[in-house]
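Accompanying notes for the structure given below.
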Amino acid sequence: MSELEMEKMQAVLYVLADKFLSGDGINRVKERIAMTKLGQMIFDDGVKKGLEQGIEVLIQDNLEEGISEKRIIAKLQKNFSLSRKEAEKYMEKFLPVR
């Protein structure tokens, strides 16, 4: 079985468990899935989403305070360990439409 097929099967298992199990059954499936590649992918997606939300809040809050874009980029680099290019991309992504 290929890795992709395994991931698809794990995804189906998770959906079925969510639909038909409750309480301890779901917790047992959750524990097993957490140890799989799919579990790691789901976790990584959550971390990425949380990181982006934090970056967006920092940008919006600093803009409301009148902080310059240059200074916000420096804060992004420092607080989120981003390169200048990455920080600039986030600025473009989360800048309000003018």
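The values are calculated or read from the model by the stated rules, or taken from the named source; none is laboratory data. Worth saying up front: this structure is predicted, and the values here are computed from it rather than measured. Here the Cβ positions follow ideal geometry from the backbone for every residue, glycine too, while neighbour counts run over all protein chains shown. Heavy atoms of the whole protein, side chains included, go into the accessibility calculation; ligands, DNA and RNA do not. Shrake-Rupley method; radii C 1.70, N 1.55, O 1.52, S 1.80 Å.
Structure notes:
- Subset of the stretch 75-98 [exposed (fewer than 11 other Cβ atoms within 10 Å of the Cβ), of a type in the set (Lys, Arg) and in a helix (DSSP H, G or I)]: LYS78, LYS85
- Once the stretch 56-74 is narrowed to residues that are of a type in the set (S, T, N, Q) and assigned to a helix (DSSP H, G or I), the residue that is least open to solvent (accessible area, probe 1.4 Å) is ASN62.
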